[in-house]
Every structure is written in structure tokens, then in C-alpha cells.
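Trainee: Sharing a structure with you now.
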Amino acid sequence: MLYNRLDFHMSVFISYEELKELNPESYMLIYCLPRSKIPAQHVPGSFLFYIEDDPDLFIKESASVELDSNKAIVCYGTGDRMEYSCKAYWGFRAAGATNIHVLLGGFKLFKNTNIELSDGAPPLLKKRTGNKLQFDRNLVMTSQDFLKKQVIYHQIFYLDAVPFNMIDIRGNILTQNQVSQNLSQRGFSIIPDRAAIVHGAMAGLLALLLKYLDYESVAIVIGDTKTITEKAETSRLTYSAHEGQKNNDSSLVSKSFLGIDISHYTTQLPESEKIQESGRTEHTCYCTVM
């Protein structure tokens, strides 16, 4: 039995098995790739959306494509990282789309099925005629947007690598409890009643995991984010970072100048501020500016 759009599940993630149960007429399948990659094959019925590196160009393209409001949007990338499909999710979401989902595992799943793949690239998503959509730059912001933003008592997260295997042996997303435990074990101390802003190469994925955990106020920063932690000079922030590689600096909090050095970012704080190191793992330091 194939289900229509009204029966579509509410999770931001969808497995291949769940996708098979949907009527193909009920959703748009969008292949999300960086501009530098030319696909050799694609899933029949897909559309192509290139993910631009330049933040302003990414925002422009996300707001100018035509999405069918009567269908669900299913984004897929090349594999497990889901970097580009998650970024596309946030771009479409900021442009006003609501029924959007990311396919777990991406294109490589289709290679292991009996689906006959089509050669070459799928057709590009059509551009809207007339005015572009309004883009919510509080939901998806550039680093310049972030520096202008009033950030008080926010949580700031950084992620540049997939922190753990989030897909079980059946191809489904881990349970909410399992995802929460995995994030906690990797130093992400999430405070439920604080708004979260995520930056780094895998910001889109971490932000979607937070949405999956039912956190409503989540936003991402795209592009160069080297200036993000400078906001700690004038704000009360909690900051967590995960790089996916060992940081050889064993002293992330310097008592001499009260600076926070997390994932090669450095913030200078007034000596009157108190810094509490809440936890540390091999890749992560979690600090709170008191």
C-alpha cells in the first residue's frame, strides 16, 4: 500500500524503507550536491539542486527555486554524511517550505536496490517566476548576520565531522534517547530552554538532530565562522565544539588571560568574567561563561 502526503510521518529524517511506502506523486526528490560535483547517475524522478559555498549565493539560490507546496520535499546527498542534503533542508526551510525531510544514507542506498538508475545528472530545480521568496535570515544566517544578532543566553555549537553513526542496522535513525546520549557523550551539553545556533561544516546535520530531539529554536550559520566566538565578549553563552580530530592542546582554558580556545577558535574575555569548564572529552571542551 502506498501512502499519500497526508500520511507522511513528521520526522525530519526518512529511511529508504519509509520512502518506498510513499506514493511517488506525493513528494519531490531532490539530489543535493556541491557545485563542483557532476553526478554520473541519479534516481529517476529526481531534481538537482547545487549547494553553493558562498553564503549569499546559497541564500539567493534557495529562495529562487520553485518547490511544489502540495508535495513533501525529500532531500538526498551522496552518502552517510548528509552534509549537503541537510544544508539544503535549512535553505528551503528558511525560504518558507515546511514539509521537508532528509533521506538517511543518501544516494548510495539506491545502488543496493533493484531501482534502475538513470545516467547523468537529473534536471535542475526550476526557478521561480516573479519575485523571490522572503528568506528567514534568523533561521539561516551568515557570520555577518550572526555578529549583528542580539545573542543573549544562547547555546552556540560547532561541528565539522559526523560525530557518531546515527543510522541503525535497519537503515533507520537512532531513537531520540540514543541520539541524546551520543551527543552528551561527545560533550554536547544541551540546555532545553535555550535557543541554539550551530556553525561549522556539519552545522546542518547537528541542527537537524536537535530538531529531531524536539528542540524548536534552532538556527544555523553558513560560510566562514571564524568570528563566531567573539560574541562571547559581550554575551552570556554556552559553547560546545566537536572537530572529529584530536586537539593536542591540553590547556583549553588559559588562566593567564581567561581566554577560551575551542577547536582553534580563541575568545578574549574580561578578567572579571568567571569561566567554568564543565566537561572535556578527547575532541571536545564544554565551557560556560558565568
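Trainee: Could you list, ordered by first residue, the pairs with Cβ atoms under 6 Å in which the first is in segment 42-64 and among the hydroxyl-bearing types (Ser, Thr, Tyr) and the second is assigned to a helix (DSSP H, G or I), at least 6 apart or interchain?
Mentor: Correct list of pairs: Ser62/Gly91.
Trainee: Can you find a residue that is buried (at least 17 other Cβ atoms within 10 Å of the Cβ), touching a helix residue (DSSP H, G or I) at 6+ places or on another chain (Cβ under 6 Å) and of a type outside the set (Val, Ile, Thr) anywhere in segment 110-117?
Mentor: Scanning segment 110-117, I find no residue that is buried (at least 17 other Cβ atoms within 10 Å of the Cβ), touching a helix residue (DSSP H, G or I) at 6+ places or on another chain (Cβ under 6 Å) and of a type outside the set (Val, Ile, Thr), so the answer is no.
Trainee: When segment 118-143 is examined, which residues are found to be among the small types (Gly, Ala, Ser) and buried (at least 16 other Cβ atoms within 10 Å of the Cβ)?
Mentor: Ala121, Ser143
Trainee: Let me ask another. Which is more than 30 Å from Ser217 (Cα to Cα) and either under 16 Å from the mean Cα position of the chain (by Cα) or of a type in the set (Ser, Thr, Tyr) (or both), of Ser36, Ser26, Ser15? Break it down into steps so the answer makes sense when it comes.
Mentor: Details: Ser26 fails: more than 30 Å from Ser217 (Cα to Cα); Ser15 fails: more than 30 Å from Ser217 (Cα to Cα).
On inspection, the qualifying residue turns out to be Ser36.
Trainee: Restricting segment 87-109 to residues that are within 23 Å of Glu52 (Cβ to Cβ) and surrounded by fewer than 17 Cβ atoms within 10 Å (Cβ to Cβ), which is modelled with the highest pLDDT? Outline the logic, then answer.
Mentor: Restricting attention to segment 87-109, the residues satisfying the condition of being within 23 Å of Glu52 (Cβ to Cβ) are 87-98, 100-103, 106-107.
Applying the additional criterion that residues be surrounded by fewer than 17 Cβ atoms within 10 Å (Cβ to Cβ) yields 96, 98.
Details: Gly96: 93, Thr98: 90.
My answer is Gly96.
Trainee: Related question: Restricting segment 39-77 to residues that are over 20 Å from the mean Cα position of the chain (by Cα) and of a type in the set (Gly, Ala, Ser), which is nearest to Leu124 (Cα to Cα)?
Mentor: Filtering first and then ranking leaves Ser46.
Trainee: Ok, one more. From the list Asp119, Asp168, exactly one residue is more than 26 Å from Tyr50 (Cβ to Cβ), charged (D, E, K, R) and out of contact with any Pro (no Cβ under 6 Å at 6 or more places or on another chain). Which is it? Before you say what the answer is, go through the steps one by one.
Mentor: Values: Asp119 fails: more than 26 Å from Tyr50 (Cβ to Cβ).
Criteria check complete, one pass: Asp168.
Trainee: I'd like to verify a number: residues in segment 130-153 that are of a type in the set (D, E, K, R) and either out of contact with any helix residue (DSSP H, G or I) (no Cβ under 6 Å at 6 or more places or on another chain) or over 12 Å from Lys60 (Cα atoms) (or both), how many?
Mentor: Qualifying residue count, segment 130-153: 3.
The values are calculated or read from the model by the stated rules, or taken from the named source; none is laboratory data. As the structure is a prediction and not an experimental result, all values here were calculated from the model. We place every Cβ from the backbone using ideal geometry, glycine too, and count neighbours over all the protein chains shown.
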